[in-house]
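Coordinate-derived values only; no laboratory data. This structure is a prediction, so every number in the text was calculated from the model and none was measured. A quick note on method: Cβ atoms are made from the backbone with ideal geometry, for glycine too, and the neighbour counts reach across all protein chains shown.
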Amino acid sequence: MKALRNQYLLHADDVPTHWYNILADVDVPTTDVRRARSAAAERETGLLAPNIPLSMYRSSVGKDRFVEIPRQVREHYQRWRPTPLFRAHALEQALDTPAHLYYKFEGTNGAGSHKLNSALAQAYFYKNAGVRELTTGTGAGQWGTALAMAAQAFDLDCTAFMVRCSFDQKPYRRVMMELHGARVVPSPSPVTSTGRAVLGSTPDSPGSLAIASSEALEHARSLPGGRYAVGSGENHVLLHQTVIGEEALRQMELAGEFPDVVIAAMGTGSNFAGLAFPFYREKLRSGAATRLVAVEPDACPKLTRGRYAWDYNDVFGTTPMTKMYTLGHTFVPPGMHAGGLRYHGAAPLVSALYERRAIEAVAYGQNAVFEAGTLFARTENLVPAPESAHAVRAAVDEAMRARAERRSTVILFNVSGHGLLDLSAYDQYLAGVLPDHAVSDEQIAASLARLPDADDAGAGS
Amino acid sequence: MNARLKRLGSEFVVNSDDVANRVRKIMVEVLDLPRSPDDIGFEISLYSPQIQLDSLHLLQLLVAVEEEFGGRIDDEDVMDADLRTVGDLVALVRQHIAAEETA
């Protein structure tokens, strides 16, 4: 019997030379980001220091379809890319489905997730702009780990403000960051005035990503060569992640199939965009009816239950507003293990596509996600990150539907990272003590009621 | 007076005023300011209620400046710029144009 082919591999020379800029194919305004009612911190310092290097920003708002990947960044990509594309034969057998299941695995680098794709690019651009230290806020720690590695690669200092409860619960993530040369500060911390204020009122505060990010921003502004680097949401982050989809397009070609459905987990949108955007381009070109599906948690359902509105990116309302699908910047999602999916809003570009019904969205509860993650681990011998397990769940359901309808279908999904530092969550699932977090309509309505009045926020029309 | 020097001087003033006017026109367009470019004085703070610039808008302005004047503004020039007034912004653009001409 002929052995089944499981892997579709490319060579180091096949690492994409360009990122794909979806703005060439979707008419989304990039200059109508409203000004903040109080860009207070900037006014206080009296210095308009852009947080993002102009060269990185320029390509993320331009209309060029392909943006060249700088040589040094591509060389770093070649240390682990192209990442493998697998045919999940074992999972197909377990599901007894006529569907063909393919997955791209982004967890093969040392940081363990897709986050390194953007961290390296950002470190390169910041270094060239004369920046000496990058700061960031991190919750689950995937972005912090990736940024620490990227900063090390480009000889930059790195300080990560890590949410206190994660700092205590996930010591290995802290060690990973420290191993790669970063300074890790539990947040709230006495290092910043934001942290001191929180500690003053709540000495045993478990912290939040909003507080950690505010601390990172404040700390960056206090450093002469410091800048605050973000790991998702912004156009440039989505742009960097498109290497995932560009490789997957070629690998699906090797497999001799084109997906009927492309699936990825939805946090703010960078891993979804990374895989799905290049397929969106190919859909437009070929007229294929491929569906693009974003999978979010029940506990933070920004696309399926949020509103397309102007909102702030942070809980304190200090950032410029963006038009996005949001649950409201004051929405606090329940604690859950897919920490990377807890953000209240969706990236503006993903939001615009969803508003035009160019993509779909589904939401799942925590136990349904871990059930699929466990099945995936037992069949494919790979533990997906809790975030990635959301994509696995949706892929499994698509495959089950294909079985029920007795039709063959080609499914591609993104396993954006491994879950080897999330085993305690799997442990809770196996022990049957993992809670499902329902969010009530009242909770969502309450935070949506606190959306800012965009027309009152500045001179923007 | 040396006519040649006088002509160079007047050309310089005209060209400089042209840069300033174009920068102020870009500001009105990109920031959607409810005022005429001529009403934006060089001494006005970029943080003033009339302008209310934030760092993201600054990047949007600079991309528009690049489209208007050509070339690419250097990352380090932007990161290191001590921008406080409209005049500072105009000076940054003049510096960019001068660098492009000598490049």
Over all residues in B:41-49, what is the mean tally of Cβ atoms on other chains that come within 10 Å of each residue's Cβ?
-> 2
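Starting with the fewest neighbours, write out A:115, A:283 ranked by other beta-carbon atoms found within 10 Å of each beta-carbon.
Ordered by Cβ neighbours within 10 Å, fewest first: A:283, A:115.
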Relative contact order %, chain A, counting alpha carbon pairs below 8 Å whose residues are six or more apart = 19 percent
Could you tell me how many degrees, from 0 to 90 and to the nearest 10, lie between the Cα long axis of helix A:115-128 and the main elongation axis, the longest principal axis, of the Cα atoms of chain A?
-> 40 degrees
Using the Cα centre as the reference, give the magnitude of the dipole from point charges on the C-beta atoms of chain A (Lys, Arg: +1; Asp, Glu: -1; all else neutral), rounded to the nearest 20 debye.
-> 560 debye
Based solely on its DSSP helices, what 222 nm [θ] is calculated for chain B when runs of n ≥ 4 H residues each add -39,500 (n - 2.57) and the sum is averaged over all residues, nearest 500 deg cm²/dmol?
-> -22000 deg cm²/dmol
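Calculate the dipole size of segment A:120-263 relative to its Cα centre from +1 charges on Lys and Arg beta carbons and -1 charges on Asp and Glu beta carbons; express the result in debye to the nearest 20. Mind showing how you got there, number by number?
On the way: 11 positive and 14 negative charges, 124 e Å.
That gives segment A:120-263 a dipole magnitude of about 600 debye.
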Rounded to the nearest 500 deg cm²/dmol, what is the calculated helix-only ellipticity per residue at 222 nm for chain A, with -39500 (n - 2.57) per DSSP H run of length n ≥ 4?
-> -12000 deg cm²/dmol
Listing A:314, A:155 from the residue with the fewest other Cβ atoms within 10 Å to the one with the most, what is the order?
-> A:155, A:314
Using the beta-carbon distance between residue A:357 and residue A:316 and R0 = 35 Å, what value does 1/(1 + (r/R0)^6) give for FRET efficiency, to the nearest 0.05?
-> 0.60
Would you tally the net charge around residue A:22, using a Cβ to Cβ cut-off of less than 10 Å, leaving residue A:22 out, and scoring K and R as +1, D and E as -1?
-> +1
Could you compute the FRET efficiency for residue A:72 and residue A:183, with r as their C-beta to C-beta distance and R0 at 25 Å, rounded to 0.05?
-> 0.55
Taking a threshold of 28 Å on the Cα-Cα distance, which of the pairs A:104/A:127; A:115/A:170; A:170/A:323; A:63/A:115; A:127/B:25 fall above it?
-> A:104/A:127; A:170/A:323; A:127/B:25
Using alpha-carbon pairs under 8 Å, 6+ residues apart, how would you state the relative contact order of segment A:238-361 in percent?
-> 24 percent
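Restricting things to Cα coordinates, could you compute the convex hull volume per residue of the protein assembly as shown in Å³?
For the protein assembly as shown, the hull spanned by Cα atoms encloses 162 Å³ per residue.
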Spin-label zone in segment A:235-260 - amide nitrogen under 11 Å from a point set 7 Å from the Cα of residue A:408 along the C-beta vector = A:257
Size of segment A:265-382 along its principal axes in angstrom, Cα-based, largest extent first?
-> 45, 39, 19
Note down the nm distance, to one decimal, between modelled labels 7 Å out along Cα→Cβ at residue B:68 and at residue A:17.
-> 3.6 nm
Spin-label pair residue B:100/residue B:44, simplified geometry with 7 Å Cα→Cβ offset, distance in nm = 2.4 nm
As straight-line cross-link partners of residue A:302, the qualifying aspartates and glutamates (C-alpha separation under 13 Å, not fewer than 8 residues apart within one chain) are A:311, A:355, A:360, A:441
Could you tell me which of A:59, A:269, A:349 has its Cα farthest along the dipole of chain A towards the positive end, charges placed at Cβ (Lys, Arg +1; Asp, Glu -1), taken about the Cα centre?
-> A:59
Once Lys and Arg get +1 and Asp and Glu get -1 on their Cβ, which of A:118, A:222, A:318 lies farthest toward the positive end of the dipole of chain A?
-> A:118
The answer for the net charge of residues other than residue A:211 whose Cβ lies under 12 angstrom from its Cβ, with Lys and Arg +1 and Asp and Glu -1, is -1
Excluding residue A:292 itself, calculate the net charge of residues whose Cβ lies under 10 Å from the Cβ of residue A:292, where each Lys or Arg counts +1 and each Asp or Glu counts -1.
-> +1
In nm, spacing of pseudo-spin labels at residue A:9 and residue A:204 (7 Å Cα→C-beta vector) = 5.3 nm
Length-normalised contact order for segment A:176-304 - Cα pairs under 8 Å, 6+ apart - percent | 17 percent
Can you tell me which of B:87-96, A:255-264, A:57-66 comes out highest on packing, and rank the rest after it, using the mean Cβ neighbours within 10 Å?
-> A:255-264, B:87-96, A:57-66
Is there a simple number for the mean count of other chain Cβ atoms within 10 Å of the Cβ of residues in A:58-68, and what is it?
-> 1
Considering the options A:11, A:137, A:163, tell which one lies farthest towards the positive end of the dipole of the protein assembly as shown, charges being +1 on Lys and Arg and -1 on Asp and Glu at the Cβ, about the Cα centre.
-> A:11
Counted neighbours (other Cβ, 10 Å), sorted fewest up, put A:272, A:125 in the order A:125, A:272
Partner shielding of B:76-84, as the mean number of partner chain Cβ atoms within 10 Å, equals 6
Wrap a convex hull around the Cα atoms of chain B, take a quarter of its surface area, and give that in square nanometres.
-> 7.4 nm²
